[in-house]
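What follows is a short report on a single structure.
Read-outs throughout are calculated quantities, based only on the coordinates presented, and are distinct from any laboratory measurement. In this text, all values refer to a predicted model and were calculated from it rather than measured experimentally. Glycine gets a Cβ as well: all are built from the backbone with ideal geometry, and neighbour counts include every protein chain shown.
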Amino acid sequence: MSIKVESLTKVYGNQKAVDAISFEAKPGKILGFLGPNGAGKSTTMKMLTSYLNPTSGNASICGFDTQTKSLDVRRLIGYLPENTPLYTDMYVKEFLAFVAVTYSLRNIEVKVAEIVKRVGLEAEQHKKIGMLSKGYKQRVGLAQAIIHDPQVLILDEPTSGLDPNQLEDVRNLIKGLGKNKTVILSTHIMQEVEAICDDVVIINKGKLVANSSLSALKTEHASESLEYIFRKLTI
């Protein structure tokens with residue numbers, strides 16, 4: 001398995017932000033990671049990417065423990081956090097070249113040109129990031145997450161701020177990436193889950209409440225919409 005999570009727990013004071021959750025994400029599949037605000041989604045993603053250490057339990061990426069092998073984990077993953085940290089005074093191409101250097105990539109100009117085209121930033125590539133709309137900043141964030149061709153992608157609200165045309169483009173890009181990578185996608189948009197996800201994990205108040213393929217979940221709750229299923233499981 002590319003991602004394996006076992007009894008993962010994070011405690012802040014008296015509050016369990018994540019409460020002993022276990023799941024697996026497989027190569028060639030897109031896993032929708034769902035839950036209401038405050039459910040523990042972003043905290044889980046930060047633990048998977050080695051930005052946070054769990055209180056107990058463990059997680060591994062491609063066999064590397066996220067606590068003891070964090071450098072190996074970071075080389076293997078592409079991460080788009082919910083609020084992507086970007087250097088707003090840098091130009092788009094300059095920033096992506098900087099990211100490429102941090103990964104010790106070769107042929108940096110070629111890599112940057114390829115990724116700019118892939119995420120639809122051609123018209124914006126010579127602008128400063130601070131001048132971009134929220135949607136185009138999100139594309140820059142996605143570009144930095146995939147420029148090094150990672151085996152695993154962890155995307156926290158990747159389509160936030162996109163207009164309908166951008167939304168379709170980015171969904172298609174993620175769907176294409178999911179054919180040969182392991183992708184975990186956090187989103188509030190049920191239509192997005194139905195459009196691109198193969199498997200679904202739902203958490204509520206830090207606890208796991210669903211873990212199955214999307215088709216099996218819909219079969220189990222026959223005739224009910226995914227949005228209704230989500231609401232029912234997260235009351």
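What net charge is computed for the residues neighbouring residue 159, neighbours being all others with C-beta under 14 Å from the C-beta of residue 159, Lys and Arg scored +1, Asp and Glu -1?
-3
Cut-off under 12 Å on the C-alpha distance; same-chain residues fewer than 8 positions from residue 29 excluded. Which aspartates and glutamates are left, in chain and number order?
198, 199
All other residues with a Cβ under 15 Å from the Cβ of residue 208 taken together, and with Lys, Arg as +1 and Asp, Glu as -1, what is their net charge?
In short, +2.
Could you list, in their original order, any pairs among 93/128; 179/218; 93/137 whose Cα atoms are separated by more than 19 Å?
On the way: 93/128 9 Å; 179/218 22 Å; 93/137 13 Å.
Distance filter (> 19 Å) returns 179/218.
Find the relative contact order for the chain and round it to a whole percent, using C-alpha pairs within less than 8 Å whose residues are 6+ positions apart.
27
Could you name the aspartates and glutamates whose alpha carbon sits less than 15 Å from that of residue 10, not counting residues in the same chain fewer than 8 places away?
19
Determine the calculated [θ] at 222 nm for the chain from helices alone, applying -39500 (n - 2.57) to every DSSP H run no shorter than 4 residues and normalising by the residue count; nearest 500 deg cm²/dmol.
Estimated from H runs of four or more residues: -10500 deg cm²/dmol.
Could you pull out the trypsin sites (Lys or Arg not before Pro) across the stretch 183-235 that fall in loop regions by DSSP (anything but H, G, I, E, B) with no more than 16 other Cβ atoms inside 10 Å?
Filter output for the stretch 183-235: 205.
Go through 4/205; 69/111; 175/207; 134/232; 46/175 and tell me which ones have a Cα-Cα distance over 30 Å in this structure.
Details: 4/205 21 Å; 69/111 27 Å; 175/207 28 Å; 134/232 32 Å; 46/175 23 Å.
Table pairs above 30 Å Cα-Cα are 134/232.
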